[in-house]
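Visitor: Dropping a structure here in structure tokens format, bear with me for questions.
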Amino acid sequence: MLRTIKPKNARSKRALKARESKEVEDPRTAIFVRGTNAGEKVQNVMQELMALKRPYAISFSKKNTVRPFEDPASLEFWAQKNDASLFVVGQSNKKRPDGMTFVRMFDNRVLDMLEVGVENFVSMREFKTPKATPGHKPLMHFASELFTTHPRLQQLKSLLLTFFNGEEIDGIHLAGLEHVISVTLGPTPPSLSSTGTATTTLGGPTGDLQPQGEALPKVHIRAYTIRLLASGTKVPRVELTPMGPSLDLTLRRHQDADAEVLKQALRRPKLKKQDVAKGLGKKRKNLEVDEMGDLRGRIHVEKQDLSKLQTRKMKGLKAVRGEAMDVDEESAGDEHTSSERKRRRTD
Amino acid sequence: MDVSEILAEHARKEQAVIVEKEVPLEVDAGFLTVTDPNPIDEESYKANLEEYLQSTARDGVQVLISALFSLPTTSSPDGPLAQLPPPTTQIPRAKPLPKPKPLTKWEQFANAKGISHSKKDKKVWDEEKQDWVNRWGWKGANKAAEEQWLSEVPMNADIDFDPAKKARDERKARVAKNEKQQEKNLLRAQGAGPSSAPPERKREIDRTLATTRVSTASMGRFDKKLEGEKKLKGVKRKFESTEVSSEKEKSQNLSILSKLDREPTTKKAKGGEAVLNVRKAVRAASKGKGSAALARDSNAKKGKKGKR
């Protein structure tokens, strides 16, 4: 455990304050850790993922003796030391060749982990196409019904979303959307499409689900650049160009989040009074908060019926009985009868 | 150009940006994410993987882009910004939510009384210098009284009265007081505040109260209740049974008699063997004024008699 530091000057005080927990969190930093035997392929994959994650990425490129599923102590140490909450650990051995472990931390403790094996890898360099600017936010695309039904793939989706896009922002410049990271699964095997979630929760914390891992479809991660073409309407037409890297992954070991810790991690800040008034919490119609912070309501009144308005009663204004009927008929009655009556009068 | 042609043209344009799928795609605009819950088409997946992946991705992105372009925008120096709604997907936080800062004693009081806080400016306007000066600190306005070249001395002041020193001492005392308050607030925030354990006096009072309640016949049942008084636990009236063996009854009565026969232990009761309680008698005769008043009265009466 690190010793608790008491700031001695204003600069270190500011630096410590920047690391404190905040209501709206900073973008997460990811550390790419090279294991004892990473292998060339995994190292390249990590390099390319880092290129996508920049500038919030740190590389630990020396060999590190780290086994996340056996002992997460060093991960926790690094997380605290570097103020990072994501890890990618590359490790390749005979039993699990070309493995990468995605680790997500909460409060400098391991929240959950997922190990994937890299099957095919095509580098960014092999696509001779324009690349996205580093630091731009990617769009994310997930395709398969398993992402909503299967807990392992839900975890994968949540992890990848946290990894590439897990930062809450309230506005974005649409011209700055340059690339998309697409995660597609292979065809759903029949065993999963029928039973769905029932078979999957048996794994336990560090379950080595080799037989079930076989059953899960492959994961294809692709990165494309976006071209927006004028379509004549307000919404442009989208065309994609492969940018790289492209990865085919298989799912291996995993560790689920502890329910209690996950509950803590999913806690949302209380909505601000102004936001609630604006109707973020629940829907409130015809109410708005102006710049001064005053709540303004809008009421809708039906159109007033002026024909029934009682004005001053005078003898001269009183309608003669026969005439009044005619006028009423012409204004309010239907066309047919009034025209008939006219004709009769002319006769 | 005919209207139908224009309409057809428009429909064709619309067609280019509309994606039709069996299950509608789920768009989470807050995280710029789209999820396609449609099952994977196995045939085209096997026929040409890359093409299939790209076409699925294109459809998804098209839906997402349409959603993003229909969001309300605000202008900024760099161009229009699309305002994103809060995300619908829940993602675990990296750090726990910050704990609310504990209120200081003044803040608690202000909250209770509904006093709103107004922040003081660091600078105040100095009429003499015609300039803004610091309220405190370097050349602070709070040091004006001790730095002025001429100061009033009260008429009855001591010979060594130093008005500058007095002002300075007062200022220092204010600072010291504030520091003490800060310290207390910190202590209170840590939970070891001065009022966390009941003070000695309070415990004493509680103990006395408990004894007095037990000493009435009804065990304090008909006593006047104090505000916030707790109910005593484990206190019960005990009644002797009406029928006891003659042996027991005898011994009980004898014990009462022996008590009566005993030498009194208290100092007050030791007053004498006389049946008359002198203290009580004096009190009654003097109407509660005491023996001295009684003596004075009797003397005065004597004097009057003599004159006559």
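Visitor: Having 1 or more residues that are within 30 Å of residue B:7 (Cα to Cα) and either at pLDDT below 80 or touching a helix residue (DSSP H, G or I) at 6+ places or on another chain (Cβ under 8 Å) (or both) is the bar; report the strands (runs of 3 or more DSSP E) wholly within the range A:230-347 that clear it.
Guide: Where strands (runs of 3 or more DSSP E) fall fully within the range A:230-347 and carry at least 1 residues being within 30 Å of residue B:7 (Cα to Cα) and either at pLDDT below 80 or touching a helix residue (DSSP H, G or I) at 6+ places or on another chain (Cβ under 8 Å) (or both), they are A:237-242.
Visitor: Would you tally the residues in the range B:127-144 being more than 38 Å from the chain's Cα centre (by Cα) and either among the polar types (S, T, N, Q) or surrounded by 14 or more Cβ atoms within 10 Å (Cβ to Cβ) (or both)?
Guide: Number satisfying all stated conditions: 1.
Visitor: May I ask you to list pairs of residues, at least six apart or on different chains, whose Cβ atoms are under 7 Å apart, with the first in the range B:86-101 being in contact (Cβ under 8 Å) with a residue 60 or more places away in the chain and the second being surrounded by fewer than 18 Cβ atoms within 10 Å (Cβ to Cβ) and not in a loop (DSSP other than H, G, I, E, B)?
Guide: The qualifying pairs are B:88/B:30.
Visitor: From B:74, B:88, B:56, B:35, which residue is more than 28 Å from residue A:85 (Cβ to Cβ) and either part of a strand (DSSP E or B) or in contact with a Gly (Cβ under 8 Å, 6 or more places away or on another chain) (or both)?
Guide: That would be B:74, the only listed residue that is more than 28 Å from residue A:85 (Cβ to Cβ) and either part of a strand (DSSP E or B) or in contact with a Gly (Cβ under 8 Å, 6 or more places away or on another chain) (or both).
Visitor: While we're on this one: Take residue B:19 and tell me if it is under 26 Å from residue A:177 (Cβ atoms), touching a residue at least 40 places away in the same chain (Cβ under 8 Å) and either more than 60 Å from the chain's Cα centre (by Cα) or assigned to a loop (DSSP other than H, G, I, E, B) (or both).
Guide: In short, yes.
Visitor: A follow-up question, please. Just checking, which of A:63, A:81 is in a helix (DSSP H, G or I) and surrounded by fewer than 13 Cβ atoms within 10 Å (Cβ to Cβ)?
Guide: Selected residue: A:81, the only one of A:63, A:81 that is in a helix (DSSP H, G or I) and surrounded by fewer than 13 Cβ atoms within 10 Å (Cβ to Cβ).
Visitor: Turning to a different aspect of this structure: Across the range B:91-105, which residue is farthest from the chain's Cα centre (by Cα) among those that are surrounded by 12 or more Cβ atoms within 10 Å (Cβ to Cβ) and facing another protein chain (nearest Cβ under 7 Å)?
Guide: The residue in question is B:91.
Visitor: If you don't mind, there's one more thing I want to ask. Taking the condition of being surrounded by 14 or more Cβ atoms within 10 Å (Cβ to Cβ) and more than 7 Å from every other protein chain (Cβ to nearest Cβ), how many residues in the range B:45-79 meet it?
Guide: Total satisfying the criteria: 8.
Visitor: Identify all residues within the range A:102-118 that are farther than 17 Å from residue A:248 by Cβ and part of a strand (DSSP E or B); write none if there are none.
Guide: A:103, A:104, A:105, A:106, A:109, A:110, A:111, A:112, A:113
Visitor: So, of the residues in the range A:23-50 that are part of a loop (DSSP other than H, G, I, E, B) and of a type in the set (A, V, I, L, M, F, W, C), which turns out to be nearest to residue A:83 (Cα to Cα)?
Guide: Restricting to residues being part of a loop (DSSP other than H, G, I, E, B) and of a type in the set (A, V, I, L, M, F, W, C), the top hit is A:24.
Visitor: Looking at residue B:33, is it in contact (Cβ under 8 Å) with a residue 24 or more places away in the chain and more than 9 Å from chain A (Cβ to nearest Cβ)?
Guide: no
Visitor: Among A:177, A:185, which is the only one that is crowded, with 20+ Cβ neighbours inside 10 Å and at the interface with chain B (Cβ under 7 Å from one of its Cβ atoms)?
Guide: After ruling out the rest, the residue left standing is A:185.
Visitor: Would you be able to tell me the number of residues in the range A:148-174 that are facing another protein chain (nearest Cβ under 7 Å), assigned to a helix (DSSP H, G or I) and buried (at least 20 other Cβ atoms within 10 Å of the Cβ)?
Guide: Residues meeting the conditions: 4.
Visitor: Of these, B:112, B:145, which one is touching a helix residue (DSSP H, G or I) at 6+ places or on another chain (Cβ under 9 Å) and either modelled with pLDDT of 90 or more or not in a loop (DSSP other than H, G, I, E, B) (or both)?
Guide: B:145
The values are calculated or read from the model by the stated rules, or taken from the named source; none is laboratory data. Everything quoted here is computed from the prediction, not taken from an experiment. Quick reminder, even Gly has a Cβ in these numbers, built from the backbone with ideal geometry, and neighbours come from all protein chains shown.
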